[in-house]
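Participant: Got a structure for you, written out below as structure tokens; questions coming shortly.
The values are calculated or read from the model by the stated rules, or taken from the named source; none is laboratory data. Fair warning: this is a prediction, and the values are worked out from it, not measured in the lab. Backbone-built Cβ (ideal geometry, glycine too); neighbour counts: all protein chains shown. SASA here: full protein model, heavy atoms, side chains in, ligands and nucleic acids out. Shrake-Rupley method; radii C 1.70, N 1.55, O 1.52, S 1.80 Å.
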Amino acid sequence: VQLQASGGGLVQAGGSLTLSCRRLGTFVGINFMGWYRQVPGKQRELVAGFTRTGDIKYADSVEGRFTISRDNVEPTMNLEMNSLKPEDTAVYYCNVKRFTRDFWGQGTLVTVSS
């Protein structure tokens, strides 16, 4: 599994960005796919993701502002981020959990200015 993330950048508070993650490779054994983010000195945290059964999980801090979606034909996974806040500033990583392994994209920086 290979993941290619894109779409980060600089945006003012209140603005919007959409991140995209292209998935290459097999889908067999995937039991989770989603987006995480990390700021220096803190642990990587889950932002949003799809479980194996198709349920969607959002972090409380982004609920109602962010929307995760996927296209199994492309195949891509997007994270639409609206009403961005300075505290959303982080490096965002797309993630796939296949069997017991984690696969990560290269990370894309999102900077929200106040």
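Participant: From the set of residues in region 48-95 that are surrounded by 13 or more Cβ atoms within 10 Å (Cβ to Cβ) and among the β-branched types (Val, Ile, Thr), which is farthest from Gly29 (Cα to Cα)?
Facilitator: Across region 48-95, the extreme among qualifying residues is Thr89.
Participant: With the requirement that a residue be open to solvent by 60 Å² or more (accessible area, probe 1.4 Å), under 16 Å from the mean Cα position of the chain (by Cα) and of a type outside the set (D, E, K, R), what does region 25-47 give you?
Facilitator: If the condition is that a residue be open to solvent by 60 Å² or more (accessible area, probe 1.4 Å), under 16 Å from the mean Cα position of the chain (by Cα) and of a type outside the set (D, E, K, R), then Gln43 is the only one that fits.
Participant: Mind listing just one residue for me: the one in region 2-24 that is open to solvent by 50 Å² or more (accessible area, probe 1.4 Å) and in a loop (DSSP other than H, G, I, E, B) and, of those, nearest to Phe66 (Cα to Cα)?
Facilitator: Residue satisfying both the conditions and the ranking: Ser16.
Participant: Additional query: Being over 15 Å from Gln2 (Cα atoms) and of a type in the set (Gly, Ala, Ser) is the filter; apply it to region 102-114 and report the residue that is surrounded by the most Cβ atoms within 10 Å (Cβ to Cβ).
Facilitator: Once the filter is applied, the top-ranked residue is Ser113.
Participant: Just to be sure, is Phe99 open to solvent by 60 Å² or more (accessible area, probe 1.4 Å), closer than 19 Å to Val1 by Cα, in contact (Cβ under 8 Å) with a residue 24 or more places away in the chain and of a type outside the set (A, V, I, L, M)?
Facilitator: Judged against the criteria, Phe99 is a match.
Participant: Looking only at region 69-95, which residues are within 16 Å of Thr108 (Cα to Cα) and either in a strand (DSSP E or B) or in contact with a helix residue (DSSP H, G or I) (Cβ under 9 Å, 6 or more places away or on another chain) (or both)?
Facilitator: Result: Thr76, Met77, Asn78, Leu79, Glu80, Met81, Ala90, Val91, Tyr92, Tyr93, Cys94, Asn95.
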